[in-house]
Amino acid sequence: QVSVLYFARSAELAGLRCETLSVPREITSLQLWEEIVKVHPRLALIRDQVIFAVRQEYVLLGDQLLVLQPGDEVAIIPPISGG
Amino acid sequence: MEENEDVPKDFIKLKSEKLSVDEVSELVVSPYCGAVSLFIGTTRNNFEGKKVIHLEYEAYTSMAETEIKKICRDVRQKWPSVKHIAVHHRLGVVPITEASVIIAVSSPHRAESLEAVMYCINTLKASVPIWKKEIYEDEYSWKENKECFWANS
């Protein structure tokens, strides 16, 4: 079970800012994205623009294998615009 | 003179209240430094012909602070003479002409603090999880920094 955090456009499309999701302990970042889109299909609109932050490290959507611990924070990160 | 005057410090704050240039520059002033360099990011009132009413910022706060700390660490590796660094970023609603971000760096001589300030703002725009929404009269738009390495693909 991981905590998924939604920001900016992804929070608008998902309709919420955070939730707990059950996902396999070992999963690629792309598979994780697909799990999340199953719950919030509108997120598919921004698939090409987002990355993840897993335990506060950026991860591209792709083949990278994630090893998740219960309670880990996974954030959906749309293109940033600070400063 | 106190020993801890020598210790370089990073001052990082994300807050919803109005930012103060006086407050941020005073944080980095040091008797060992002859230079304080500042960058202030302010809100423009127009974008592509549309009138901007105000900006709204949100952040992944804990990670944003961590990423800013990494920027400070990188600054100190590149410019070892830099003394203090302050980065204040505003969150929530920022009216036109008010500051969204203030960065201040002190160093003994001016070259290092000037270069470090530029590096800080450029790197912040590329790596810190903060988002800006521009509110126009009839609509709004989530902005995307061109420095963002995963966008515009």
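Some points to look at:
- Residue ID - nearest to A:GLN69 (Cα to Cα), chosen from residues in the stretch A:15-41 that are of a type in the set (Gly, Ala, Ser) and more than 14 Å from every other protein chain (Cβ to nearest Cβ): A:SER22
- When the residues of the stretch B:26-40 are filtered to those that are in contact with a Ser or Thr (Cβ under 7 Å, 6 or more places away or on another chain) and either surrounded by fewer than 20 Cβ atoms within 10 Å (Cβ to Cβ) or in a loop (DSSP other than H, G, I, E, B) (or both), the one that is nearest to the other protein chains (Cβ to nearest Cβ) is B:LEU38.
- Residue in the stretch B:47-61 that is over 30 Å from A:CYS18 (Cβ atoms), in contact with a Ser or Thr (Cβ under 8 Å, 6 or more places away or on another chain), assigned to a loop (DSSP other than H, G, I, E, B) and not aliphatic (A, V, I, L, M) present: no
- Restricting the stretch A:1-35 to residues that are assigned to a helix (DSSP H, G or I) and of a type in the set (Ser, Thr, Tyr) leaves a set whose member that is surrounded by the most Cβ atoms within 10 Å (Cβ to Cβ) is A:SER10.
- Yes/no for B:CYS148 being surrounded by 14 or more Cβ atoms within 10 Å (Cβ to Cβ), at pLDDT below 95 and touching a helix residue (DSSP H, G or I) at 6+ places or on another chain (Cβ under 7 Å): yes
- Looking only at residues of the stretch B:50-85 that are within 12 Å of another protein chain (Cβ to nearest Cβ) and charged (D, E, K, R), we find that the one that is nearest to A:GLY82 (Cα to Cα) is B:GLU58.
- With respect to (1) out of contact with any Leu (no Cβ under 6 Å at 6 or more places or on another chain); (2) within 14 Å of chain A (Cβ to nearest Cβ); (3) crowded, with 18+ Cβ neighbours inside 10 Å, the lone exception for B:PHE47 is condition (3).
- B:GLY41 farther than 19 Å from B:GLU98 by Cα and touching a residue at least 60 places away in the same chain (Cβ under 8 Å): no
- Annotation: of all residues in the stretch A:45-76 being closer than 18 Å to A:GLY15 by Cβ and surrounded by 14 or more Cβ atoms within 10 Å (Cβ to Cβ), the one that is nearest to the other protein chains (Cβ to nearest Cβ) is A:ALA75.
The values are calculated or read from the model by the stated rules, or taken from the named source; none is laboratory data. None of these values were measured; they are calculated from a predicted model. Please note: Cβ atoms are built from the backbone with ideal geometry, for glycine as well, and neighbour counts cover all protein chains shown.
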